[in-house]
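Taking it in order: structure first as structure tokens, then the write-up.
The values are calculated or read from the model by the stated rules, or taken from the named source; none is laboratory data. Computed from a predicted structure; not experimentally measured. Cβ placement follows ideal geometry from the backbone for every residue including glycine, while neighbour counts extend to all protein chains displayed. Heads up: the accessible areas ignore ligands, DNA and RNA and are worked out on the full protein's heavy atoms, side chains in. Shrake-Rupley method; radii C 1.70, N 1.55, O 1.52, S 1.80 Å.
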Amino acid sequence: LGSMQNSGSKPCSCPSFKLREVASMYFTMIAVFLVILVVALQGSAPRGSDFPYKVPLDPQGLLELSWNVSYPEQAVNFQLLIRDLQFGLLFGMSDRGEFENADLAVLWSDGHSSYFGDAWSDAKGQLHMDSQQDYQLLGARRAPEGLYLLFRRAFSTCDPKDYLIEDGTVHLIYGILEKPVHSLQAINISAIQGGLQRVQLLKPNITIPELPSDMKTMDIRAPDVVIPSQETTYWCYMVELPQDFPKHHIIMYEPVVTAGNEALVHHMEVFQCAAEFDSFPPYNGPCDSKMKPDQLNYCRHVLAAWAMGAQAFYYPEEAGLAFGGPGSSRYLRLEIHYHNPLVFKGRRDSSGIRLYYTSTLRRHDAGIMELGLVYTPVMAIPPGEDAFVLTGYCTDKCTQLALPAAGIRIFASQLHTHLAGRKVVTVLSRDGRERQVVNSDGHYSPHFQEIRMLKEVVAVFPGDELITTCTYNTQNRSQATVGGFSILEEMCVNYVHYYPQTQLELCKSAVDPGYLHRYFNLVNRFNDEEVCMCPQVSVPQQFDSVPWNTFNRDVLKSLYGFAPISMHCNKSSAVRFPGEWEKQPLPIITERLQEPVPHCPPAPGPQPAAPIPLNLGQLRRD
């Protein structure tokens, strides 16, 4: 027992071992009795309103996770519906969806007796019972549709084996036990059927604004698509608004997912096309098809974005997103990402996004502004890096010139990188001091991008700076990764949604090209292999010829940390605001925000590292 190992050298100051043992056994027996009493109950399913957020975990929809968030208690309450219980399951969290070094809640059975426990896996995937049981079982109920398992977990437990639940993306993992197991240690992770699902667990607690009586809806849905029998498909569908469609405000949108396809529709976006084109051709097919008209590439202005697990998106009552009317394209492009790892054939789908809009215009038009790095190859990540950092700036000079005196209010944000992105954060700085995090995702995944409502509105005033930092992993690459539009190139962007709309549509930076030229000169002076700097050789080609030794890596990091920048302080017409924007100094930050200190909940009563028995009856043997 842990109490034996921790007994000190001062027996007079501690209760006797026997007393502590009896107390521990007493509390354990009470806890086990209560759990068995609760989980033995048969009854109807818990109310869906108790768990407002829901996501299927597996492609077949056999496991369905629902949850709610208690900010006063700093805890997440989970409800897991197991439609076809065999001999148990694993559920948990890990850094990027790995089954190694994971924090797990485990339900297992030997066919007669069932147990629940908080466990962790080591670097080899071996399971261990956690000495601190922080997944708290609340109960279990059988219903016609399956077994409901209810448990809770604090955001932070201060247990080194536990995952810290933070704002941003959480990689959930699951595994189904198909055979009886006699102990936790007997579970072989490599042999179980498992997978991962990404969600934003800590949803903001936002008051839903009152909706107007004249509100109308418009469904942007792809009609009767036969989902291709392949793992990944991006499907594009063009929609045309009515002729002379007047200006309206979008005030809300929500997903419309065809019943039965909840586990296949991964994410969806609605884009508005460029207004300079009078018309766009119709299209309904894969986005990467050679039959797709090139003109559809000019439909890139995001109107709505949804990802699995997200709820309806509401605009603040003071603002709406304008569409329709003069200067607004009548053409929209719906893009749906189908994730079909089991390669189902013949599935039909008519999913999409439902827009709620009103002709009674709100006080402000909402705007979307791009922050971060310009799409240019001068910003590059060497190969073989596990955490290479690039930073883009929206400087005080730009906000001083482009923002109204009363400032703007940021209420939502969509972070974006390509495949190498691992972390993204935007920080507001004022007078050289970091004041507030606008949005942060320490477990960011390029495969899970959604517009997220912020927990609190961020006010940005003229003279403020918005600094966006992205962290990349290129350990699986042998060549440098440069900035650009290709999926194998990189981006670092935060699309912030704000009001009132201004002329400022893009506030981004990149290193000064002249200083990058000096870097290539320096590489040539200190290395045997020459980097060709002929005028006809592109920047990506120059990066490809750099020998990536420690010196060249460190010098590039230093260059990005001190060299002047080229600022893009752009209007919606892609024209810069008047002023001098080349060779601008980097913002000087004199005071950084303190890293948040995890809040540790009060330690519960004695909870020995032992599984809790459950009375689930005899489980099936096929």
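Does the range 249-256 contain any residue that is within 30 Å of Leu177 (Cβ to Cβ), within 22 Å of the chain's Cα centre (by Cα) and in a strand (DSSP E or B)?
The answer is no; no qualifying residue exists.
Restricting to the range 380-394, and then to whatever is open to solvent by 10 Å² or more (accessible area, probe 1.4 Å) and touching a strand residue (DSSP E or B) at 6+ places or on another chain (Cβ under 6 Å), can you tell me which residue is farthest from Pro462 (Cα to Cα)? Filtering first and then ranking leaves Ala387.
Yes or no, residue by residue, for (1) open to solvent by 60 Å² or more (accessible area, probe 1.4 Å); (2) at pLDDT below 95:
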site	(1), (2)
Val22	yes, yes
Tyr26	yes, yes
Ile30	yes, yes
Ala40	no, yes
Phe51	no, yes
Val76	no, no
Leu80	no, no
Asp103	no, no
Ser109	no, yes
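If you go through the range 192-221 and keep only what is over 25 Å from the mean Cα position of the chain (by Cα) and not acidic (Asp, Glu), you end up with Ile192, Leu211, Pro212, Ser213, Met215, Lys216, Thr217, Met218. Go through the range 466-497 residue by residue and tally those that are among the aliphatic types (A, V, I, L, M) and open to solvent by 10 Å² or more (accessible area, probe 1.4 Å). So the count comes out to 6.
Residues are listed down the side, and each one gets a yes or a no for (1) within 19 Å of Pro383 (Cα to Cα); (2) in contact with a Ser or Thr (Cβ under 8 Å, 6 or more places away or on another chain):
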site: Glu456; (1), (2): no, no
site: Phe461; (1), (2): no, yes
site: Thr468; (1), (2): no, yes
site: Arg477; (1), (2): yes, no
site: Glu490; (1), (2): yes, yes
site: Glu505; (1), (2): no, yes
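Out of all the residues in the range 331-340, is one or more more than 24 Å from the chain's Cα centre (by Cα), crowded, with 23+ Cβ neighbours inside 10 Å, not assigned by the TED database to the domain that holds Ser94 and not β-branched (Val, Ile, Thr)? So far as the range 331-340 goes, yes, one or more of its residues are more than 24 Å from the chain's Cα centre (by Cα), crowded, with 23+ Cβ neighbours inside 10 Å, not assigned by the TED database to the domain that holds Ser94 and not β-branched (Val, Ile, Thr). In this structure, is Ser509 under 29 Å from Pro540 (Cβ atoms) and either part of a strand (DSSP E or B) or under 23 Å from the mean Cα position of the chain (by Cα) (or both)? Spelling it out, Ser509 is indeed under 29 Å from Pro540 (Cβ atoms) and either part of a strand (DSSP E or B) or under 23 Å from the mean Cα position of the chain (by Cα) (or both). For the range 447-465, does any single residue satisfy the condition of being of a type in the set (A, V, I, L, M) and outside any strand (DSSP E or B)? So far as the range 447-465 goes, yes, one or more of its residues are of a type in the set (A, V, I, L, M) and outside any strand (DSSP E or B).
Checking each residue in the range 283-309 for being assigned to a loop (DSSP other than H, G, I, E, B), open to solvent by less than 20 Å² (accessible area, probe 1.4 Å) and out of contact with any His (no Cβ under 8 Å at 6 or more places or on another chain) picks out Cys299, Gly309. Residue-level analysis places Val343 among those that are aliphatic (A, V, I, L, M), farther than 29 Å from Val458 by Cα and assigned by the TED database to the domain that holds His267. Taken over the range 254-282, the residue count meeting the criterion of being open to solvent by less than 50 Å² (accessible area, probe 1.4 Å), out of contact with any Lys or Arg (no Cβ under 6 Å at 6 or more places or on another chain) and among the aromatic types (Phe, Trp, Tyr) is 1. When the range 556-581 is filtered for residues that are within 11 Å of Glu505 (Cβ to Cβ) and open to solvent by less than 10 Å² (accessible area, probe 1.4 Å), only Cys569 remains. Set side by side, the residues Phe526, Phe520 differ, and just one is open to solvent by 70 Å² or more (accessible area, probe 1.4 Å), over 22 Å from Thr468 (Cα atoms) and modelled with pLDDT under 95, which is Phe526.
Given the conditions (1) of a type in the set (Ser, Thr, Tyr); (2) at pLDDT 90 or above; (3) surrounded by fewer than 13 Cβ atoms within 10 Å (Cβ to Cβ); (4) part of a loop (DSSP other than H, G, I, E, B), report the number of the one that Thr217 does not fulfil. If we test Thr217 against (1) of a type in the set (Ser, Thr, Tyr); (2) at pLDDT 90 or above; (3) surrounded by fewer than 13 Cβ atoms within 10 Å (Cβ to Cβ); (4) part of a loop (DSSP other than H, G, I, E, B), just (4) comes out false. Yes or no: Gln584 surrounded by fewer than 16 Cβ atoms within 10 Å (Cβ to Cβ) and over 13 Å from Met379 (Cα atoms)? Considered against the rule, which asks whether it is surrounded by fewer than 16 Cβ atoms within 10 Å (Cβ to Cβ) and over 13 Å from Met379 (Cα atoms), Gln584 comes out as no. Of the residues in the range 484-497, none is out of contact with any Leu (no Cβ under 9 Å at 6 or more places or on another chain), more than 16 Å from Val438 (Cα to Cα) and at pLDDT 95 or above.
Quick grid of which residues meet (1) within 24 Å of Asp544 (Cα to Cα); (2) among the small types (Gly, Ala, Ser):
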{"site": "Gln414", "(1), (2)": "no, no"}
{"site": "Phe448", "(1), (2)": "no, no"}
{"site": "Val458", "(1), (2)": "no, no"}
{"site": "Ala480", "(1), (2)": "yes, yes"}
{"site": "Asn494", "(1), (2)": "no, no"}
{"site": "Tyr498", "(1), (2)": "no, no"}
{"site": "Gln501", "(1), (2)": "no, no"}
{"site": "Val511", "(1), (2)": "yes, no"}
{"site": "Val523", "(1), (2)": "yes, no"}
